[in-house]
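Each remark here refers to the structure printed beneath this line.
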Amino acid sequence: FTLNFTLINLPYTADLEIPSTRRFISTEKVINYYLNPLFKRSSIGPVYTGCRVMRFRSVKDSDDTSLDAVCSYKNNSSIATFDREKVYEELSNMTKGVTKLGHYSLEKNSLYVNG
């Protein structure tokens, strides 16, 4: 599934665009440090296998940074289907109404989960 959101206190810089840069790699590690525990506590926790940031991108008319990630889970008969609305609600609740992810502040209307 895909996951998108905007970090309003991560100023966008061009080196975030290049996956091989130190900044991209370290920022992805921090993002996963915060995301993994959330997903582990969610309804897909038992089958969640991780997220990979595909890209960081600038937000028009701001210094904010949006990210696009692909997250995975094992296909398991114990979870009938991936319920993106349920996962969205769980993430929303665990991020204080889509406002906090660890030390990052989130743009409240930026969370998008697609199954």
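Nothing in this text is a laboratory measurement; each read-out follows from the coordinates by a stated rule. Every value quoted in this text rests on a predicted model; they were computed, and no experiment measured them.
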query: What value does the chain have for Rg/Rh, both radii from Cα atoms and Rh as Kirkwood defines it?
result: 0.97
field: Nonlocal amide H pairs with VAL59, under 5 Å, H built at 1.01 Å
entry: ASP64, SER66
message: Looking at the chain as a GNM with Cα springs under 10 Å, which of LYS40, LYS74, LYS86 has the largest mean-square fluctuation?
response: LYS74
message: Of the candidates SER66, SER20, SER92, which one comes out as most mobile in a Gaussian network treatment of the chain with C-alpha springs shorter than 10 Å?
response: SER20
query: Tilt of helix 84-94 relative to the longest C-alpha principal axis of the chain, in degrees (0 to 90, nearest 10)?
result: 60
